[in-house]
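**Q** Below is one structure. I have some questions about it.
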Amino acid sequence: MAVLDPDPVVTRLRSAFNHDADRHRLLTMAAALLREAGEPYTSVYLYMLHGDELVLEAYSGRETDHERIPVGKGVCGTAVATGEDQNVGDVRARENYIACNLFTRSELVVLIRRGSEILGQIDVDSDQVDPFTSDEVAAVRVVAEALAVLL
């Protein structure tokens with residue numbers, strides 16, 4: 001069973017959208033609500049695709065210096081380049097990993113897609129090694145799918 005229950009997150013995002021929340025508010029709310037799930041959600045970053053770069057538009061948790069990531073670089077850029085979500089159980093074993101901080105041990109990146117178009121991604125960092133089960137990935141994907149409709 002997943003730590004994250006996506007249904008209340010999606011309900012709150014839809015409610016905010018129905019009350020005219022703008023893009024920044026929706027992304028900021030999504031980051032905060034995902035992180036509120038608790039461990040293993042140490043930090044949550046919402047990067048949106050602008051041309052050939054991912055741009056950090058919202059986050060909850062630790063600050064990062066990585067506000068722009070080229071497509072193809074690091075775990076986030078690899079997700080966009082390959083068109084596939086990334087679940088990296090131990091970032092120290094990943095050659096192209098871009099460290100946001102010294103504490104992060106694993107990373108989950110789920111793409112936000114509208115049809116075949118990639119809009120951006122949800123990037124979850126954890127201080128735990130290999131905490132993201134297939135149920136967890138599926139739960140984050142539900143939130144990503146909702147964002148794709150609302151943005």
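Every number here is computed from the coordinates shown, using simple stated rules; none is lab data. Nothing here was measured: the structure is a model prediction, and the numbers come from that model. Don't worry about glycine lacking a Cβ; one is built from the backbone with ideal geometry, like all the others, and counts go over all protein chains shown.
**Q** Where is the GNM fluctuation largest for the chain (alpha-carbon springs, 10 angstrom cutoff): His50, His19, His66?
**A** In this elastic network of the chain, the residue with the biggest mean-square fluctuation among His50, His19, His66 is His19.
**Q** Separate question: I need Met1, Met48 ordered by Cβ neighbour count within 10 Å, fewest first.
**A** Neighbour counts put them in this order, fewest first: Met1, Met48.
**Q** Neighbour counts of other C-beta atoms within 10 Å: give me Phe17, Phe132 arranged from fewest to most.
**A** Phe17, Phe132
**Q** GluC sites (Glu not before Pro) within region 23-120: which are DSSP loop residues with at most 15 other Cβ atoms inside 10 Å?
**A** When the GluC sites (Glu not before Pro) of region 23-120 are filtered for loop state and at most 15 Cβ neighbours within 10 Å, Glu36, Glu63, Glu67, Glu84, Glu95 remain.
**Q** Also, quick follow-up: What residue among Ala138, Ala58, Ala30 has the largest mean-square fluctuation in a Gaussian network model of the chain, using Cα springs under 10 Å?
**A** The residue that fluctuates most here is Ala138.
**Q** Out of Leu102, Leu13, Leu119, any idea which swings most in a Gaussian network model of the chain, alpha carbons joined below 10 Å?
**A** In this elastic network of the chain, the residue with the biggest mean-square fluctuation among Leu102, Leu13, Leu119 is Leu102.
**Q** If r is the Cβ-Cβ distance from Val3 to Asp52 and R0 is 30 Å, what FRET efficiency results, to the nearest 0.05?
**A** 0.35
**Q** On to the next question. Starting from the amide H of Arg105, placed 1.01 Å from N in the peptide plane, find each other amide H under 5 Å away whose residue is 5 or more places distant or on another chain.
**A** Amide H to amide H, under 5 Å and 5 or more residues apart or across chains, Arg105 pairs with Ser126, Asp127, Gln128.
**Q** Separate question: Output the DSSP H helices from the chain with an along-axis C-alpha extent of no less than 15 Å and a mean Kyte-Doolittle hydropathy no less than 1.0.
**A** The qualifying helices are 134-150.
**Q** With the Cα gyration tensor of the chain in hand, convert its eigenvalues to equivalent ellipsoid semi-axes via √(5λ) and list them largest first in whole Å.
**A** 22, 18, 14
**Q** Between Gln128 and Glu84, how many nm apart are label points set 7 Å from Cα along the C-beta direction?
**A** Distance between label points: 2.5 nm.
**Q** Taking other Cβ within 10 Å of each residue's Cβ, how do Leu34, Leu151 sort, fewest first?
**A** Fewest-to-most ranking of Leu34, Leu151: Leu151, Leu34.
**Q** I would also like to ask the following. For Cα pairs less than 8 Å apart in space and 6+ apart in sequence, what is the mean separation divided by the residue count of the chain, i.e. the relative contact order in percent?
**A** 25
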